[in-house]
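Have a look at the structure below, then the notes.
The values are calculated or read from the model by the stated rules, or taken from the named source; none is laboratory data. Keep in mind the model is a prediction, meaning the values are calculated, not measured. With ideal geometry, Cβ positions are generated from the backbone for all residues, glycine too; neighbour counts draw on all protein chains shown.
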Amino acid sequence: DAREKKLELGAAFGLSETYLHKGPIMVEESGLDRKALKGKTIWLKDAQTNRDFQYGSKARAEGIKSVLVVPLLLEKKAVGVLRVYTDQVREFQDREVRFLEAVANLSAIALDNARMHRTLQYRCDLMAAHKNRIDDN
């Protein structure tokens, strides 16, 4: 949410409900996300000890070690992030990073298409309501 300067969860898999409800990811408090939102893919060796990770103690409780954060780019502007967590310290291979960057870019396009669809549907509903009022008079 650009107005509130926080990231909102869109989807998750393999994380506990406790971790998912840990609190908002505030961009100002997360050096990791600030960097990713500038369009850079970021790798953290150990989220439990890295100060750029906003919820290090929660990561420790969840068993999260390494993190890869990939920006969701739409027309060269980051509109969100894709995060991949591991339970062991590991480096991501170049082909894995390229694959996740492609997934993130496709996700950004899909999110934008969904936003445009909602806007178009709202406008169509509004026009139909106006037409019905005109027809009733």
Of all the residues that make up the stretch 59-94, how many are surrounded by fewer than 18 Cβ atoms within 10 Å (Cβ to Cβ) and within 24 Å of Glu17 (Cβ to Cβ)?
7
So Glu4, is it exposed (fewer than 15 other Cβ atoms within 10 Å of the Cβ), more than 22 Å from Ala104 (Cα to Cα) and at pLDDT below 90
yes
Check Arg133 against each of (1) touching a residue at least 40 places away in the same chain (Cβ under 8 Å); (2) farther than 17 Å from Tyr19 by Cβ and name the one condition it does not meet.
(1)
Find the strands (runs of 3 or more DSSP E) located wholly in the stretch 13-105 whose residues include 1 or more that are in contact (Cβ under 8 Å) with a residue 24 or more places away in the chain, in contact with a strand residue (DSSP E or B) (Cβ under 9 Å, 6 or more places away or on another chain) and within 26 Å of Arg115 (Cα to Cα), and list them.
67-74, 77-85
Do we have Ser16 as among the hydroxyl-bearing types (Ser, Thr, Tyr) and at pLDDT below 90 here?
no
